[in-house]
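Here the structure is laid out as structure tokens; the discussion comes afterwards.
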There are 2 protein chains.
Amino acid sequence: MENIDFNSVLKKIKPTEEENEKVKSLSNRLISAINEIAKENNIDAEAVLVGSVAKGTWLSGKADVDIFIKFPLCTSEEDLKECGLFLGNRCIEKMQGKYELRYASHPYVTGFIEGFEIDFVPCYIIKSAEELKSAVDRTILHTEYVRKNLKENQKDEVLLLKKFMESIHTYSAEFKVSGFSGYLCELLVIYYGSFLDVLKAAAEKWSPNYKIDLENYGTGELFNEPLVVIDPTDKNRNVAAALKLQKMSEFIVASRNFLNNPKKDYFFEKNIDLNLDEIKNEFKTRDTKTFLIRFKPPEIPADALYPQIKKTENSVKGVLEREDFRIFNTDSWTDEKDDVLILLEMEVWKLPKVKKHLGPFVWSKSHQERFADKYGSKAYIEEDRWTAEIERKHKDVKSFLNNILNETKIGFLKFGKHIKAEILNQYEIVDILEFLESEEVNNDILLFFYEYLNKNVYLWR
Amino acid sequence: MENIDFNSVLKKIKPTEEENEKVKSLSNRLISAINEIAKENNIDAEAVLVGSVAKGTWLSGKADVDIFIKFPLCTSEEDLKECGLFLGNRCIEKMQGKYELRYASHPYVTGFIEGFEIDFVPCYIIKSAEELKSAVDRTILHTEYVRKNLKENQKDEVLLLKKFMESIHTYSAEFKVSGFSGYLCELLVIYYGSFLDVLKAAAEKWSPNYKIDLENYGTGELFNEPLVVIDPTDKNRNVAAALKLQKMSEFIVASRNFLNNPKKDYFFEKNIDLNLDEIKNEFKTRDTKTFLIRFKPPEIPADALYPQIKKTENSVKGVLEREDFRIFNTDSWTDEKDDVLILLEMEVWKLPKVKKHLGPFVWSKSHQERFADKYGSKAYIEEDRWTAEIERKHKDVKSFLNNILNETKIGFLKFGKHIKAEILNQYEIVDILEFLESEEVNNDILLFFYEYLNKNVYLWR
């Protein structure tokens, strides 16, 4: 590992002294402002800095300034919300910023001040997870735990790990990625000691349902997710609950790749040359048939949109397979604003007219009589089961999809209700080769296709 | 059930007084002849009539005269064989018949005398199944049991059951049919009392692994076949061992059909109008693709040929499915002499160039490295498993079949060795629509195709 100069990497990803000062100074001014406004208005509340800035584990250019406004546990939820938003708004006004109301488990306000995006989140003062009133309250416990347990020299290790995760596309617990959260990265460094030790453990030791229990709570049995990291601030919570098996596997493989052949490139986004003709050609030579279901995304937050799209993708896949079509792979993409694409690459997209329809077992006298009556000479016995040869209504995928994506039949599909409304409103099904000829293709979509065709592209440098 | 005149059925299927006399007289003369020849030659043996003629359960026109030549248990196998065949041959000579040597579990001789086909089978004198030396020895115990337990008035019931079974194509334990043997029909009548009671029990009570234990041996747990009828002469044998689930189901369904709407037609072979154009048209409109693998049968006995063909059919089916082709149905046929046809009706017979190849799980470090090295950029991760997109060598069924039916690859298929030799020697793969245009189609083959398209044809009248 001697051949990689981590310092030169850190030089690029770690905030400069100046950047650091700027963020710290802003944070302090915001906290003073909030506390002052609270005092002036006789509100029993206190502002505190949380998150990666408070922990000293933020990447250069990515300072998320999170200001939590703490209220005593006896405060009613209504007062908490009202006073919290009031304090946030007044502070933003005072600092001459712009503001926007947002929702997590309860509402918060986001301000845009001096070029930073700052969240003002009302929460309760709690001492342990037992007192939790809402999910955001945890953040304070997490911040405290990391500040107490992450050694000064380990902060750089966290930066390396976060940046590595980011460039191999496994960073973020958001549904879009379903990877490792910042807090999870911090805990891994606390547990294993350093960036390299985390990678070595992943490469050598991790297996499905691998368990890490920093505080020896012994509650690992409660969890069956791919990776279990018991929250040191709450023995009944798995910090890695949002991590999908896919992303855990990708991190393991990228770790091995890095350890085998370490390169600085692993800490920086991979450059990809997008070439429309190459992509078109690759889809052509695969000899499969790829369709896109295309519609406008409903206006819901990204963290609600992605699971609904994934659910739709999986539901369409299931329905096609039940109808005997065969799927090679599927994927989905959205710009979160104008466009959703569900990609269906088909191995079998046309079927014969005749179709087998399984019926009851012959042992069940009453069932079999109904079946035999219904299907007459089309019914026969296979081993001990009634079977009928019936006529398939939709012999190709496109006609079948158009048939189920209409008001009377869409109930078979398990969509989020917002997506259902959008699809009923308007959708189109296009062959990817046609689509690639159209004006509608932009670089983001092309990148989606490229990543679909080159699924492992980020795991190597 | 009043509306069916079983007597008029029996009139047609029961041997006439004259036919009966003829068979009885011939049998008696044969037995006397054998016993006389034995005496003349100082052979300690005694002839006895067994089988349906001895039991009075034979159908008109189908007298199988089975003469067993019994030897004391102390006789060596060599002597048994030598003396048995000698006695049979001399008897046939004396009666001016023709003879043919055959094999079951040991050799026997068949004579053609006065228009009848008579088997002369050497066997041991045994008193119970424990003394069994060969499978044929059982026949004497079976004959004795039926003579003792089948009431005089139940003989007609057996005739009705056998004829019903025959005309719905579930009669015979031979591999070609894999249905109910004559002995099994007799036991069912002894157990249930009458033809109608057997049908009622099948229609109402039978279920998978249904057990009938006439002598209350309590050994039913030993058997897991679809139907278990413990041999009253051997508690460790299931008389219905050869019965396939398919044929048991067909009998159940035909029984229900008959009981719902009894007709005399159920006792006579169904007339089928074969129409080449209709058959051709039906295959065409199904829109599937049907191939025939055609070759000459090896020269082996029918009871060895059919299982080998079935094994070949199943093996080809399995290999095609593993290769991602999808089968709608398969079947096979032989005239036992010049022609074997394996019919493969395909739902998917063409596939894209790209193919998924599953590799090791990512947890296995060493395996994954070999896989990733081998497939390079074609390898990616699906959940926690390595997968590669590779090129399919054979994109259509015919090319794939031709590829595996050659000397180096045929080892993948599990054939009987005789079939393997024949296929390597010569085979052809033809589209059924082409075949139906050719001169090669005869009525037997056409009937096979008709039955394939109308699988339930015999179960209704």
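None of the figures in this text is laboratory data; all of them are computed from the coordinates on show. Since the model is a prediction, treat every value here as computed from it, not as a measurement. Backbone-built Cβ (ideal geometry, glycine too); neighbour counts: all protein chains shown.
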Legend entry - Amide H contacts under 5 Å for residue B:215, placed H, 5+ residues apart: none
Inset, instruction - Would you kindly give the portion of the calculated P(r) for the range A:305-401 that falls above 22 Å, as a percent of all Cα pairs? - result: 49 percent
Inset, instruction - Could you calculate, for the range A:253-357, the ratio of the Cα radius of gyration to the Kirkwood radius, expressed as Rg to Rh? - result: 1.08
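Which peptide among B:122-129, B:393-400, B:161-168, A:187-194 comes first, and what is the full order, when sorted by highest mean count of other Cβ atoms within 10 Å?
Most protected by this proxy first, the peptides run B:161-168, A:187-194, B:122-129, B:393-400.
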Inset, instruction - Mind pulling the angle between the C-alpha long axis of helix B:138-149 and the longest principal axis of chain B? Nearest 10 degrees, somewhere in 0 to 90. - result: 60 degrees
Inset, instruction - In whole Hz, with x marking every Gly and Pro, tabulate ³J(HN,Hα) for the range A:400-405 from phi via Karplus 6.51 cos²θ - 1.76 cosθ + 1.60, θ = phi - 60°. - result: 5, 5, 4, 5, 8, 8
Legend entry - Overall dimensions of the range A:172-308 by Cα: Rg and Dmax, Å: 18.9, 56
Legend entry - the range A:211-250 - percent relative contact order, Cα under 8 Å, separation 6 or more: 35 percent
Legend entry - Amide proton proximity set for residue A:123, modelled H, under 5 Å, gap of 5+: A:69, A:70, A:71
Inset, instruction - With just the Cα atoms of the protein assembly as shown, tell me how far they stretch along each of the three principal axes, in Å, largest first. - result: 130, 63, 58
Legend entry - Diffusion constant of the range B:374-445 at 37 °C, which comes from Stokes-Einstein with the Kirkwood Cα-pair radius and 0.692 mPa s, µm²/s: 205 µm²/s
Inset, instruction - Just add up the charged neighbours of residue A:80: K/R +1, D/E -1, any other residue whose Cβ is under 12 Å from the Cβ of residue A:80. - result: -3
Inset, instruction - Hey, can you grab everything whose amide H is under 5 Å from the amide H of residue B:117? Only 5+ residues off in sequence or another chain; H modelled, so Pro and N-termini drop out. - result: B:65
Inset, instruction - Could you work out the mean count of beta carbons from other protein chains within 10 Å of each residue's beta carbon in B:241-250? - result: 3
Inset, instruction - Provide the per-residue ³J(HN,Hα) series for the range A:421-434, in order, calculated from phi with Karplus coefficients 6.51, -1.76, 1.60 and θ = phi - 60°, each as a whole number of Hz, with x at glycine and proline positions. - result: 4, 5, 5, 4, 5, 5, 7, 9, 10, 10, 5, 4, 5, 5
Legend entry - Shielding by other protein chains, B:198-208, mean Cβ within 10 Å: 1
Inset, instruction - Please report, to two decimal places, log10 I(q)/I(0) for the range B:164-210 at q = 0.14, 0.29 Å⁻¹ as given by the Debye formula with identical point scatterers on the Cα atoms and no solvent. - result: -0.34, -1.19
Legend entry - Principal axis dimensions, the range B:77-186 - Cα atoms, whole angstrom, descending: 39, 36, 30
Legend entry - Qualifying chymotrypsin sites (Phe, Trp or Tyr not before Pro) in the range A:241-302, DSSP loop, other Cβ atoms within 10 Å at most 16: A:268
Inset, instruction - Relative to the longest principal axis of the C-alpha atoms of chain A, give the angle of the C-alpha long axis of helix A:443-453, reported between 0 and 90° and rounded to the nearest 10°. - result: 60 degrees
Legend entry - Percent of alpha-carbon pairs separated by more than 40 Å within chain B: 36 percent
Legend entry - Karplus (6.51, -1.76, 1.60) ³J(HN,Hα), θ = phi - 60°, over the range A:331-347, in Hz, Gly and Pro reported as x: 7, 8, 8, 8, 8, 6, 9, 10, 9, 10, 10, 10, 9, 10, 9, 9, 8
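Can you classify the range A:34-135 as rounded, prolate or oblate using the Cα gyration tensor, where a ≥ b ≥ c are the square roots of its eigenvalues, rounded means a/c under 1.5, and otherwise it's prolate if a/b beats b/c and oblate if not?
On the way: a/c = 1.77, a/b = 1.20, b/c = 1.48.
Oblate, since a/c reaches 1.5 and b/c is not below a/b.
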Inset, instruction - Evaluate peptide A:381-387: per residue, the Cβ atoms of other protein chains within 10 Å of its Cβ; return the mean as an integer. - result: 6
Legend entry - Loop GluC sites (Glu not before Pro), the range A:215-260 (other Cβ atoms within 10 Å of the site Cβ: 16 or fewer; DSSP): A:215
Inset, instruction - Distance between Cα centroids, the range B:390-437 to the range A:226-270: provide it in whole Å. - result: 48 Å
Legend entry - Closest-to-axis residue of chain A (Cβ criterion, axis taking A to B), whole Å: A:348, 3
Inset, instruction - With a ≥ b ≥ c taken as the square roots of the eigenvalues of the C-alpha gyration tensor of the range B:20-59, please select rounded if a/c is under 1.5 and otherwise prolate if a/b is larger than b/c or oblate if it is not? - result: oblate
Inset, instruction - May I ask for the angle, rounded to the nearest 10°, between helix B:302-322 and the longest principal axis of chain B, with both axes built from Cα atoms and the value confined to 0 to 90°? - result: 20 degrees
Inset, instruction - Kindly flag which residue pairs out of A:11/A:94; A:163/A:244; B:22/B:270; B:12/B:162; A:356/B:289 have an alpha-carbon separation exceeding 24 Å in this structure. - result: A:11/A:94; B:22/B:270
Inset, instruction - May I ask you to list the GluC sites (Glu not before Pro) in the range A:1-56 that are in a DSSP loop and have at most 16 other Cβ atoms within 10 Å of their Cβ? - result: A:2
